[in-house]
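Take a look at the structure set out below.
The values are calculated or read from the model by the stated rules, or taken from the named source; none is laboratory data. In this text the structure is predicted, and so the values were computed from the model without any measurement. Ideal geometry is used to build each Cβ from the backbone, glycine not excepted, and the neighbour counts take in all protein chains shown.
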Amino acid sequence: MTDGTTRPVHVTGWGRYAPASVLTNADLERMVDTSDEWIRTRTGIRERRVAAAHETTASMGAVAGLRAIRTAGIEPDDIDLILLATLTPDYWMPSTAALVKEAIGNTRAPAMDVAAACSGFVYAYASAHAYIASGMAKHALVIGAELLTRFLDYTDRNTCILFGDGAGAVVLSAGDGPGGGLGFEMTTEPQGAYMIWLPAGGAKAPPSAETIARGEHYIRMEGKETYRFATRTLASTALTSIDRAGLRPDDIDLFIPHQANIRIIDAVAKGLDLPMERMYVNVDRYGNTSAASVPIALAEAVNEGRVKVGDHVCLVAFGAGFTSGAVTLQWTADPARGIAGDAAVRPEDVQVRLPVDWDSVDPIPAALAEVLARPVAPGVEVPLDDVAPGEPEHAHPEPVGR
Ligand code: ACO
């Protein structure tokens, strides 16, 4: 892996989208033998978002992607590469990125998915950086989007409490000035291949009545082994990318770690000998959104004023594979642009192409039907940055698109 400095590549746009429905720990208490107290103390999660029946990985990714394009102040057709990281694509084929390309109104870019589980966004970021640094692209849209709640067994308390839905995105652009992506690291350890996996549906175990009866279409996880891997790897992966950037951990103003578990983030801070204030945390509000977690956290951190021009930021993730990845960058964009970029795109204005002559089934897991049927409570947390200061609120009645 090089230090990635062939040609400066900057983050020029960022955006995110989270569906409106909230699944709380109290909801999960009614489904499995768990408690709010256990979930909060063992994971730090209070609630997570659940996509509505009309939403898909592509639709959420398209909203986040278009918001990132608006933040960058460019047109969709300026994008000449689209990479979408996900482990929950809409279909096996076509790629979810292809659907997103049309939904955002782009006619030029090659579009493809990146499969590296929760490290997927960081892998896609590094790949897009390489395309731009080498001159093969000028503006790349990099998206992390996940709809995990449709791949969970809501009778398995080991997994169903952890995950949620959402999407985040950045636009990476070629630039002349210093800064942007400075140091990269990616690792893959196949010894961990079956520590987090989804057994059926692929070529090894095609879907059948038997695989479904055995629940093999749901995510399975060895939590303890995954936890050990994460705490062993995250700090060292971050350190390598920081070192390749010519920096020391103390030079990093803000870490954006994968939001899987507050205890894992705490362990990274300890491993780097840094206070928790240097770690951005929003796992309490979204749970683990896999490939969407880092870009959602990055967009929120910037919009909340946690990142300033000139700051050094380290994005670091781990996931199934086992994979891990880190990007150390110097922030150069005006942080104020993100709020207006988000407000410029309403989810209902983004349309993903539907199949012709094909009756879709109801995609909502039975266990979540009640959660999705209830109106979105007025008390639902609405981040302050959801609406640009001085601009009117969206016309639609429900608070979607945060
Ligand atoms: N509610 C109540 N009790 C529970 C629950 C639950 N939801 N889940 C497990 N328990 C029980 C266990 O059965 C066990 O009981 P026992 O002692 O009677 O056997 C006890 O709680 C402790 O279980 P542990 O597994 O030891 O709990 P731990 O402290 O390790 O926390 C957790 C479990 C949260 C899953 C943790 O191991 C973890 O975060 N691992 C990493 C998971 C992760 O990040 N996965 C995402 C990877 S990214 C990707 O690519 C998808």
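Residues in the stretch 69-114 that are of a type in the set (Gly, Ala, Ser), within 17 Å of Ala137 (Cα to Cα) and buried (at least 24 other Cβ atoms within 10 Å of the Cβ): Ala72, Ala97. Among the numbered conditions (1) among the polar types (S, T, N, Q); (2) in a helix (DSSP H, G or I); (3) within 11 Å of the ligand (Cβ to nearest atom); (4) at pLDDT 95 or above, the only one that Thr231 does not meet is (4).
Restricting the stretch 5-31 to residues that are among the hydroxyl-bearing types (Ser, Thr, Tyr) and in contact with a strand residue (DSSP E or B) (Cβ under 9 Å, 6 or more places away or on another chain) leaves a set whose member that is farthest from Ala68 (Cα to Cα) is Thr24.
For the stretch 156-170, the criterion of being aromatic (Phe, Trp, Tyr) and either within 16 Å of the ligand (Cβ to nearest atom) or at pLDDT below 95 (or both) is met by at least one residue.
All conditions but one from (1) in contact (Cβ under 8 Å) with a residue 60 or more places away in the chain; (2) in contact with a Ser or Thr (Cβ under 6 Å, 6 or more places away or on another chain); (3) more than 16 Å from the ligand (Cβ to nearest atom); (4) not in a helix (DSSP H, G or I) apply to Thr88; the one that does not is (3). Residues of the stretch 129-158 that are more than 15 Å from the chain's Cα centre (by Cα), touching a residue at least 60 places away in the same chain (Cβ under 8 Å) and either crowded, with 20+ Cβ neighbours inside 10 Å or part of a helix (DSSP H, G or I) (or both): His129, Ala130, Ile132, Ala133, His139, Ala140, Arg150, Phe151. Before we move on, is Gly44 at positive phi and within 14 Å of the ligand (Cβ to nearest atom)? Considered against the rule, which asks whether it is at positive phi and within 14 Å of the ligand (Cβ to nearest atom), Gly44 comes out as yes.
Out of the residues in the stretch 187-214 that are closer than 23 Å to Tyr123 by Cα and among the hydrophobic types (A, V, I, L, M, F, W, C), which is surrounded by the most Cβ atoms within 10 Å (Cβ to Cβ)? Result: Ile196. Can you tell me which residue among Asn288, Asn282 is closer than 25 Å to Val63 by Cβ and touching a strand residue (DSSP E or B) at 6+ places or on another chain (Cβ under 8 Å)? Result: Asn288 is the single residue among Asn288, Asn282 that is closer than 25 Å to Val63 by Cβ and touching a strand residue (DSSP E or B) at 6+ places or on another chain (Cβ under 8 Å).
Residue-wise test of (1) within 14 Å of the ligand (Cβ to nearest atom); (2) touching a His at 6+ places or on another chain (Cβ under 9 Å); (3) part of a strand (DSSP E or B).
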| position | (1), (2), (3) |
| --- | --- |
| Ala26 | yes, no, no |
| Val32 | yes, no, no |
| Trp38 | yes, no, no |
| Arg48 | yes, no, yes |
| His54 | no, no, no |
| Met60 | no, no, no |
| Val63 | no, no, no |
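A search for C-beta distances below 7 Å between a residue of the stretch 214-232 that is touching a residue at least 40 places away in the same chain (Cβ under 8 Å) and farther than 16 Å from Gln191 by Cβ and any residue that is assigned to a helix (DSSP H, G or I) and near the ligand (Cβ under 9 Å from one of its atoms), counting only pairs 6+ apart in sequence or on different chains, returns Thr231/Ile264. Filtering the stretch 301-320 to residues that are among the small types (Gly, Ala, Ser), touching a residue at least 60 places away in the same chain (Cβ under 8 Å) and not in a strand (DSSP E or B) leaves Gly310, Ala320.
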